[in-house]
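The values are calculated or read from the model by the stated rules, or taken from the named source; none is laboratory data. Source: prediction; values computed, not measured. Virtual Cβ from ideal backbone geometry, glycine too; neighbours counted across all protein chains shown.
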Amino acid sequence: MFMSNSFLPTEAANLTESTSIALAQNIKQISINTPLSQQPIATTYVDQGSGGTPVLLLHGFDSSVLEFRRLLPALAAENQTWAVDLLGFGFTERLTGIPFSAAAIKTHLYYFWKTLINEPVILVGASMGGAAAIDFTLDYPQSVTKLVLLDSAGYSMGASMGKYLFWPLDYLAVEFLRLPKVRQQISKNAYYDQSFVTPDALLCTALHLKSPDWDRALKAFTKSGGYGSFRQQLPQIKQPTLIVWGESDKILGTGDAYKFNSAIANSQLIWIPDCGHIPHLEKSQLTAKHILEYRDY
């Protein structure tokens, strides 16, 4: 029987796959003090495993820690592993008056790291989480010992139209993302193997939509411009960097993988065969193997 945490939507009880249930049951919440507000931010995260350099996982756009339901336990079997819901996303509290922007995400992430980890980490970012990981590494290099980018955003310039979305266009855009058929199509595009697009997988992608002020925060983040291109700053990254990319990525394509590899001097590119945009879900064991091998590299 599934026992939901009080801060998760009641729909979490409908999860059916063992990895989804296990991760949801292990989501914790902590109040993080930041300069972003006088009130601490109730932040959701997962930590499992012990030993080794801590691994910190950052999820993609409009997602949550549930994105790592397969990768996190595979890593935690050999290493202390964390995942956190970024500010404005997942089940982390969306306080009124806080800016939801890339800069605010970085600040919140730093204080989460400082409060709970406070030692250099292997920072792993997936899709938009890769852009967040790059941004964090550039500003807090002492906090990151190695960087792992999974089909990462942050090289090409993201869509900039969001900053010009005003009511009712902003409302319509966010409500469009809420539609089950839309989210199902996004999932189909993200996977190479369509058998992964299960009812449980779709629930994992949509559960956080029930969190208070999901729509308000998503509008604000989009209007802020989100993450742009770090193309010019990438040569500043000195940390060893592993770039893991699905060979059949239909979301970002494959060209940026080569560009990241070229721009980051101390980097290695690994292709995942028969895999789309989310190797941490579609090829979780292989992705974990590559990360753990790079940990010891």
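Tabulated data for the structure shown
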| item | result |
| --- | --- |
| All positions within segment 105-121 that are crowded, with 20+ Cβ neighbours inside 10 Å and under 12 Å from Gly88 (Cα atoms) | Ile105, His108, Leu109 |
| Hey, Gln268 over 18 Å from the mean Cα position of the chain (by Cα), in contact (Cβ under 8 Å) with a residue 40 or more places away in the chain and under 24 Å from Pro54 (Cβ atoms) or not | no |
| Residues satisfying the stated conditions in segment 197-209, i.e. surrounded by fewer than 17 Cβ atoms within 10 Å (Cβ to Cβ) and within 18 Å of the chain's Cα centre (by Cα) | Leu202 |
| Options Leu72, Leu57; residue that is in contact with a Phe, Trp or Tyr (Cβ under 6 Å, 6 or more places away or on another chain), under 24 Å from Tyr140 (Cα atoms) and either among the small types (Gly, Ala, Ser) or crowded, with 24+ Cβ neighbours inside 10 Å (or both) | Leu57 |
| Hits in segment 72-89 - residues which are in contact with a strand residue (DSSP E or B) (Cβ under 7 Å, 6 or more places away or on another chain) and more than 18 Å from Ile117 (Cα to Cα) | Pro73 |
| Answer residue from segment 110-136, given it is touching a Lys or Arg at 6+ places or on another chain (Cβ under 9 Å) and outside any strand (DSSP E or B) and is nearest to Thr34 (Cα to Cα) among those | Phe136 |
| Residue match in segment 253-268 (condition: in contact with a Cys (Cβ under 9 Å, 6 or more places away or on another chain), surrounded by 23 or more Cβ atoms within 10 Å (Cβ to Cβ) and of a type in the set (Phe, Trp, Tyr)) | no |
| Failed condition for Thr92, given (1) of a type in the set (Val, Ile, Thr); (2) buried (at least 24 other Cβ atoms within 10 Å of the Cβ); (3) within 20 Å of Leu150 (Cα to Cα) | (3) |
| Hits in segment 140-177 - residues which are at pLDDT 90 or above, assigned to a helix (DSSP H, G or I) and surrounded by 12 or more Cβ atoms within 10 Å (Cβ to Cβ) | Pro141, Ser143 |
| From the options Pro235, Pro279, Pro212, residue that is closer than 26 Å to Lys106 by Cβ and either among the aromatic types (Phe, Trp, Tyr) or surrounded by 20 or more Cβ atoms within 10 Å (Cβ to Cβ) (or both) | Pro279 |
